[in-house]
Structures are given as C-alpha cells and as structure tokens.
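To start, the structure itself, in structure tokens.
The values are calculated or read from the model by the stated rules, or taken from the named source; none is laboratory data. A quick note: this is a predicted structure, and the numbers were derived from the prediction, not measured. Every residue, glycine as well, gets a Cβ built from its backbone with ideal geometry; the counts of neighbours run over all protein chains shown.
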Amino acid sequence: MSDLFNPNPFDESEPSPRPGMFTANALFLLAGTGLILISLFGASVVRFLSDAFGIRTPVHALIALNALYYLPFLALPYARTLSRHGAEHARLTGISLRMTVLCIAITPACVFLVGSLTALWTMLLEPIGIGPGGAMIPLANANELVLGIVAVAVMPGIFEELLFRGVVLSAYEVGGARRAILVSTVLFAMLHGTIQGLPAQLVMGAVLAYAVLSTGSLYAGMMIHTAYNAMMLIISYVYTHGTQEAAQTEELAAIAASGAGVFAIVLEGLLSLALVLLILRVFKRHRIAAGISLAPPAPLRMTAGEIILLISGLVTTLFLYAENTIGIIRHIT
C-alpha cells in the first residue's frame, strides 16, 4: 500500500527544489479542515474570549478567530514547507518599484470588474431565492476600520497567498503554467465556500496567479490581494455610514433591475475588464523583458496519495458550501 503514496513525503533526507502536489494537496486539506473547525467551534471560542479578555466588538473577535485559523493551519505548515524547500520555490523575491505601482494600479480595476460581475451574478441567482452575500463586518468608527483592514485584508493577503500562490501554484507548475493558474484559482475559490462570491474569487484567483508568475514575486500577489480586500472594506464602510442607508439600498436595487441599470453594469464591467487586461499585458511585457519563463504544458501525473488528498480537500470545501446553502435556505424561509 505504501507504493500508492509518495515515498516518505516529509523525509528531509531527499530535499526537492519545490513542494510536490502531495504537499500542496495536504496543505489545502489542512486549510479546509481548519475552516470547518472554525465554523463549528468559532462561536464558542468567541464567547470564551469575551469572558476571558473582554472582547466585545465583532472586529476584535474576527481578528482573534483569524489568528486562531491562519497561524496553525496556514502559517506554521507553510513555515515547515519553507524550511524544507527554501524561499526560491515560493518566489519570496524582491519586486521592482514599477511592478509595485502596477500592482496597486490594477486593484481598483479589479474592484470595478468584480463589482459588475457580482451584480450580474446576483441578478441570475435572485430568481431562485439566492440574494447578495453577507455584508462585511460592522465597523463603528475609523479605529475599527483599521482593525478590520488587518483582519480581512492584511492577514488573508499574506497567509492565503503563501498557500495558493506560494505552494499550490508552484507545485502544479509541473503540468504547465496555465494548468497551475487554473488549479490554484479553482482551489482558491473552493476554499471560500460561498456561492455568491464565486465570480470575485475566480477572477481574483486568476489575476493573482498571473501577477505572481509575471513578476516572479509572491509579494505581487500579497499586495494586490491586500489592497483589493482593503478597498472593498473601505467602500463598504463608507457606504454603510452614509445617510438613509435603507432608502439608498432600495433605490440602487431598483435602478440595477432596470434595463438602463443592467446596461450600465455591463458597460462598467466591459470597461474595467479592458483595463485589467491592459495592465496584465504590461505584466506580460515585464515578464518577457525580465526573462521570466513560464512552465510549458506537460502531462500532469498524480499518485493515488495525491489524488486522495485533493479529493479529501475538495470534500471539506463541500461542507463549507453546504453550510452556505443552509444559511441561504434559512434566509429564504
């Protein structure tokens, strides 16, 4: 039976230049398992922290939960992987000022593109009773906004990039760069476990993977991911602290449902898509000029152990989707 699995996958006596699919799939499974544990026991943990340390606000509770999730389930396993394979496979290399500016520039274009896609996706889902996804965490003031950025932008922007664009993308490059982008994007979306958020997760997963491959630096993904989440949170904060929120919501919903509203959303989506593609072409030109080559297509052969780990990881994400679906049904009924 041992022949079905990678022989001694964690044996440090035989170092490899990059983590294999066994390691990538194992870390994906561990990340999904951590989310299930947080979903099952998160409320109890928050109550304990509230009693023990006086945590009262949602943003403080979220920071605590994220720390309990990201540190043991993503950061420490990644550190173990890094100690075995070194920093080269993870692309923990410097990034130029020009590429840093480009990473910042693509973020608002992605925000508008995802906003348009999400609006259209919501229109398709609403006839079957699935409304917009849950709002971001409630923030009472600017101080909580800063803490919220740490919780939903900085922490995911670092730790999720370490997993998906640091390990998964690198491991699946044995099958070629395009396949690596596809696999890392799909697994990234699956781990989020929300039907309403699929357009955002798929688009951003692909953009992040392409940016990392084009710059040769994982810091590109971290910057874009963090900036994107932060911008979405700031937009949500500004909107929810406006006046007559309920009336504005109904008015915007009525406009969006109209023919003119749909046309405006589509036009915005096309313009933002064109801008995103234009910036990605600049990324490509930089990659060519810098001599960064993409892995060519190749057969992707997985051992039984790698397949079992991947399927197990995907099954854990189905639990998250089931939880999301149950929440939707409860909201409908």
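The test for being more than 10 Å from the chain's Cα centre (by Cα) and either within 30 Å of Thr303 (Cα to Cα) or among the aromatic types (Phe, Trp, Tyr) (or both) does not hold for Ala140. Thr118 passes every criterion in (1) more than 19 Å from the chain's Cα centre (by Cα); (2) closer than 23 Å to Ser272 by Cα; (3) not aliphatic (A, V, I, L, M) apart from (1). Residues that are crowded, with 24+ Cβ neighbours inside 10 Å and farther than 23 Å from Ser116 by Cβ are absent from the range 189-201 altogether.
Tally up the residues in the range 96-134 that are of a type in the set (D, E, K, R) and either touching a Pro at 6+ places or on another chain (Cβ under 8 Å) or modelled with pLDDT of 85 or more (or both), please.
1
Pairs meeting the criteria (first residue in the range 47-72 and over 15 Å from Gly32 (Cα atoms), second residue of a type in the set (D, E, K, R), beta carbons under 8 Å, at least 6 apart or on different chains) are Ser50/Arg56; Thr57/Glu144; Val59/Glu144.
Within the range 259-287, the residues that satisfy the criterion of being farther than 15 Å from Pro108 by Cβ and among the charged types (D, E, K, R) are Arg281, Lys284, Arg285, Arg287.
Among the residues of the range 183-214, write down those that are aromatic (Phe, Trp, Tyr) and either farther than 17 Å from Val167 by Cα or free of Cβ contacts under 8 Å to residues at least 60 places away in the same chain (or both). Phe188, the sole residue that qualifies. Among residues of the range 89-104 that are in contact (Cβ under 8 Å) with a residue 60 or more places away in the chain and closer than 24 Å to Glu173 by Cα, none has a Cβ under 7 angstrom from a residue that is in a helix (DSSP H, G or I) and among the acidic types (Asp, Glu) at a sequence gap of 6+ or on a separate chain. If I filter the range 213-228 for residues that are modelled with pLDDT of 90 or more and outside any helix (DSSP H, G or I), do I get at least one hit? Yes, some residue in the range 213-228 is modelled with pLDDT of 90 or more and outside any helix (DSSP H, G or I).
Across the range 178-205, the number of residues qualifying as over 18 Å from Thr317 (Cβ atoms) and small (Gly, Ala, Ser) comes to 1. The number of residues in the range 298-315 that are in a loop (DSSP other than H, G, I, E, B) and either touching a residue at least 40 places away in the same chain (Cβ under 8 Å) or of a type in the set (A, V, I, L, M, F, W, C) (or both) comes to 5. Per the listing Leu294, Leu320, Leu310, Leu280, the residue uniquely under 30 Å from Gly94 (Cα atoms) and within 22 Å of the chain's Cα centre (by Cα) is Leu280.
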